[in-house]
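One structure is given below, encoded as structure tokens.
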Amino acid sequence: MLRSLRYGEADRILHVYTQDHGRLSVIAKGVRRTRSRFGGRLEPLARVELTLHVGRGDIHAIRGAQTVHPHARLRSDARALDVAARGCDAVSRLFGDGEPHPAVYHLLANELALLDADPAAHATRANALAFRLKLLLAAGFAPQLSACAACGAGDHLVGFSGAAGGVVCSGCEATAFPLGQDAHDFLVAALGRPLAQVPAAPPRALAQADRAIVETLEYHGGVRLRATRE
């Protein structure tokens with residue numbers, strides 16, 4: 001469940017991300033009434049199994065809902081809740097085309113499960129950035145990290161250029177911002193490791209990694225995401 005919006009006197013419009021159909025907009029009629037038949041099963045960030053009535057328009061009606069995982073623990077932790085909400089927002093902005101992306105669905109499900117299982121360990125800026133990097137990979141925007149994105153040189157990689165699409169060498173850094181070795185190492189490891197094994201990095205390195213992700217998306221995806229929290 002990505003997002004919930006009030007609609008009318010007692011209904012809600014929900015944005016959900018599904019394995020087979022990508023992002024969908026659905027309406028839960030009467031869900032805000034005290035005696036709603038859905039009870040508390042349609043909470044944001046919950047993982048649920050829905051039965052839908054598919055109409056002629058773009059919004060489908062929910063006929064039934066069963067909870068798969070409520071993720072109650074992460075919703076009671078402010079930091080985990082923020083990381084989860086920003087992750088869902090990123091998925092919605094990058095993959096709002098209504099097309100199925102099973103890898104993205106499983107990535108999001110894994111992220112929410114990790115945040116729920118151990119908020120203190122996983123509700124970190126490093127985790128949030130690693131999640132976004134993996135979304136970039138799924139969207140086809142993964143930055144070039146092994147060689148200069150401008151000339152192909154493999155040495156003296158000292159900067160990052162969103163326009164070029166990755167790291168750049170000292171001879172091509174005119175339009176880049178400085179990228180330290182710690183930030184470069186973090187980007188490489190975060191892309192290559194599972195979310196549960198995200199490496200730690202100094203605050204300065206994480207800030208540089210965040211900027212690299214933001215600029216890559218702006219130049220190549222036309223998308224601006226909410227900033228990650230320090």
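Report yes if ALA150 is within 11 Å of the chain's Cα centre (by Cα), surrounded by 22 or more Cβ atoms within 10 Å (Cβ to Cβ) and either touching a residue at least 12 places away in the same chain (Cβ under 8 Å) or assigned by TED's automatic domain parsing to the domain that holds ARG226 (or both), otherwise no.
It is false that ALA150 is within 11 Å of the chain's Cα centre (by Cα), surrounded by 22 or more Cβ atoms within 10 Å (Cβ to Cβ) and either touching a residue at least 12 places away in the same chain (Cβ under 8 Å) or assigned by TED's automatic domain parsing to the domain that holds ARG226 (or both).
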* Structure fact -> Residues of region 90-118 being without any contact (Cβ under 8 Å) to a residue 60 or more places away in the chain and surrounded by 21 or more Cβ atoms within 10 Å (Cβ to Cβ), in sequence order, are LEU115, ASP116
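This table checks each residue for (1) over 14 Å from the mean Cα position of the chain (by Cα); (2) within 18 Å of ALA149 (Cβ to Cβ); (3) not in a loop (DSSP other than H, G, I, E, B).
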{"position": "PHE186", "(1), (2), (3)": "yes, yes, yes"}
{"position": "ALA200", "(1), (2), (3)": "yes, no, no"}
{"position": "ALA205", "(1), (2), (3)": "yes, no, yes"}
{"position": "ALA209", "(1), (2), (3)": "yes, yes, yes"}
{"position": "VAL214", "(1), (2), (3)": "no, yes, yes"}
{"position": "GLU218", "(1), (2), (3)": "yes, yes, yes"}
{"position": "THR228", "(1), (2), (3)": "no, no, no"}
* Asked: Can you pull out the residues in region 143-184 that are among the hydroxyl-bearing types (Ser, Thr, Tyr) and not in a loop (DSSP other than H, G, I, E, B)?
  -> SER161, THR175
* Asked: If you check LEU45 against the conditions, is it at pLDDT 90 or above and either assigned to a loop (DSSP other than H, G, I, E, B) or in the same structural domain as ARG229 (by TED's automatic domain parsing) (or both)?
  -> yes
* Residues satisfying the stated conditions in region 170-187, i.e. surrounded by 15 or more Cβ atoms within 10 Å (Cβ to Cβ) and closer than 15 Å to ILE213 by Cβ -> ALA176, LEU179, ALA183, HIS184, PHE186, LEU187
* Among (1) in a loop (DSSP other than H, G, I, E, B); (2) crowded, with 17+ Cβ neighbours inside 10 Å; (3) of a type in the set (Gly, Ala, Ser), the one test that ALA84 misses -> (1)
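Within region 48-73, track down each residue that is of a type in the set (A, V, I, L, M) and either touching a Ser or Thr at 6+ places or on another chain (Cβ under 8 Å) or part of a strand (DSSP E or B) (or both).
Those that are of a type in the set (A, V, I, L, M) and either touching a Ser or Thr at 6+ places or on another chain (Cβ under 8 Å) or part of a strand (DSSP E or B) (or both): VAL48, LEU50, LEU52, ILE59, ALA61, ILE62, ALA65, VAL68.
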* Identify, by number, the condition in (1) over 21 Å from the mean Cα position of the chain (by Cα); (2) surrounded by 15 or more Cβ atoms within 10 Å (Cβ to Cβ) that ARG33 doesn't meet. => (2)
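The values are calculated or read from the model by the stated rules, or taken from the named source; none is laboratory data. A quick note: this is a predicted structure, and the numbers were derived from the prediction, not measured. Backbone-built Cβ (ideal geometry, glycine too); neighbour counts: all protein chains shown.
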